[in-house]
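Visitor: Got a structure here, written out as structure tokens. Questions coming.
The values are calculated or read from the model by the stated rules, or taken from the named source; none is laboratory data. Because the structure is predicted, anything quoted here is derived from the model rather than measured. A quick note on method: Cβ atoms are made from the backbone with ideal geometry, for glycine too, and the neighbour counts reach across all protein chains shown.
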Amino acid sequence: MDRHPMVTVNCQFCGIEFQARKERVDKGLGKFCSREHSNAWQRQQNTTLGENNARKFFDKTRDQWYVHWLDEDRSQHSTTYSYWRWKQLHGEVPDGYKTVYLDGNKLNIEDNNIGLISEEVINKIISLKKKGYKPSEETRKKMSESAKVKEFSPEHRAKIGEETKTRWENGEFDYQRKPKVEKVKKIRIYQKGIIKSEETRKKLSNSLRGRVFNDEHRRKLSEANKGKFSGSESKFWKGGISEVPYPPEFGNYLKKKVRKKFNWECQICGKSVKGSRFAHVHHIDGNKQNCGEENLTLLCASCHSRVHNTTIDEITKRISYYQSLLKYDDNGQCET
């Protein structure tokens, strides 16, 4: 027996006879001898323009019927046949419900076989199936009946509308997030040599906690503090040595070579910094001009800052070792 029996049909566009698979013809397909004639027929008839003129097609991968249509701007839309047909017959699908085929057969697209089921019931069925439970035919019928949309009288619908309107006016459906309280850094009030009592410290801390300044106050603070903690006023100031340029050979090619050499791992803490902008290539002797590979190593951003910042208390043996290799000039400054 032939695996794919063929039948003779007439092309709906040109009228010539051609061979088509019987299974396609039984599904309402196989009407055209070529794709070009199918597209030409659609352009002539304009059958897919607008949702009301949607055309159904069978999706083999999902084993069910779908529809597609075109808008006025020729943009394409598609959805399941059950969803589209329900909208054509009854209007919009209510929130929390989905369209289903009542007998469970996706190929039976008769109007009386299309119904609604709530998402809550669907979740229960999925949960029971995962546990190995198979409801009986009678139970499935009851679940299907309970999931059908109830028809309310016009008076009942009007009452629901008035209640919803009242709740809306009361702001019950206003789900906009409240603006987060902007966190303001606590002002440094303790100076070296000034010791406050524990009670006074608690009072000062509580007075500053959660304090929010308006835009005008913050602008005034910014103007008052401008230049006080930058440049030579910063505690990290090293006499402008960071402005010394790197030599041309210290470019991306050399940096990538060093990173691959150390397998993208920090040579102090061992943390992987692959694909990160925090993979710092460090000059071991602190001299920017000395870019030989034996003088370059790979550090993460945290360890790199701790090597150059001698004021940090948490110094491991490895950091102390790298700090001991740094060379300083007559003024006690390191170039990097």
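Okay, residues lined up against (1) within 20 Å of D26 (Cβ to Cβ); (2) in contact (Cβ under 8 Å) with a residue 12 or more places away in the chain:
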position: F58; (1), (2): yes, yes
position: S75; (1), (2): no, no
position: V93; (1), (2): no, yes
position: T99; (1), (2): no, yes
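Visitor: Right, another one. Go through the range 105-122 and give me each residue that's surrounded by fewer than 16 Cβ atoms within 10 Å (Cβ to Cβ), aliphatic (A, V, I, L, M) and within 18 Å of K141 (Cβ to Cβ).
Guide: I122
Visitor: Would you mention how many residues in the range 80-90 are in contact with a Phe, Trp or Tyr (Cβ under 7 Å, 6 or more places away or on another chain) and either closer than 22 Å to L49 by Cβ or part of a loop (DSSP other than H, G, I, E, B) (or both)?
Guide: 2
Visitor: Here is a further query. Across the range 56-79, what is the number of residues that are modelled with pLDDT under 80 and assigned to a strand (DSSP E or B)?
Guide: 2
Visitor: Between a residue in the range 257-268 that is within 9 Å of L299 (Cβ to Cβ) and any residue that is in a helix (DSSP H, G or I) and of a type in the set (S, T, Y), which pairs come within a Cβ distance under 8 Å, given they are 6 or more apart or on different chains?
Guide: I268/Y322
Visitor: If only one of N53, N10 is under 44 Å from the mean Cα position of the chain (by Cα) and either in contact (Cβ under 8 Å) with a residue 60 or more places away in the chain or exposed (fewer than 14 other Cβ atoms within 10 Å of the Cβ) (or both), which one is it?
Guide: After ruling out the rest, the residue left standing is N53.
Visitor: A further question on this structure: Just checking, how many residues over the range 250-265 are out of contact with any Ser or Thr (no Cβ under 8 Å at 6 or more places or on another chain) and in a loop (DSSP other than H, G, I, E, B)?
Guide: 3
Visitor: Just to be sure, is N290 on the phi > 0 side of the Ramachandran plot and either at pLDDT 85 or above or surrounded by 15 or more Cβ atoms within 10 Å (Cβ to Cβ) (or both)?
Guide: In short, no.
Visitor: Just for the range 91-124: of the residues that are in a helix (DSSP H, G or I) and either among the β-branched types (V, I, T) or within 23 Å of F58 (Cα to Cα) (or both), which one is modelled with the lowest pLDDT?
Guide: Among them, the one singled out is I122.
Visitor: Can you say whether I241 is surrounded by 11 or more Cβ atoms within 10 Å (Cβ to Cβ) and either modelled with pLDDT under 75 or acidic (D, E) (or both), as far as the supplied structure shows?
Guide: Judged against the criteria, I241 is a match.
Visitor: I've got another one for you. Right, K129: at pLDDT below 80, outside any loop (DSSP other than H, G, I, E, B) and loosely packed, with under 12 Cβ neighbours inside 10 Å or not?
Guide: It is true that K129 is at pLDDT below 80, outside any loop (DSSP other than H, G, I, E, B) and loosely packed, with under 12 Cβ neighbours inside 10 Å.
Visitor: Then there's this: List, please: which pairs have Cβ atoms under 7 Å, are six or more places apart or on different chains, and start with a residue in the range 284-307 that is not assigned by TED's automatic domain parsing to the domain that holds F262 and end with one that is crowded, with 16+ Cβ neighbours inside 10 Å?
Guide: Qualifying pairs under 7 Å: none.
Visitor: Now for a different question. Being surrounded by 10 or more Cβ atoms within 10 Å (Cβ to Cβ) and of a type in the set (A, V, I, L, M) is the filter here, so list the residues in the range 58-104 that pass it.
Guide: V67, L70, V93, V100, L102
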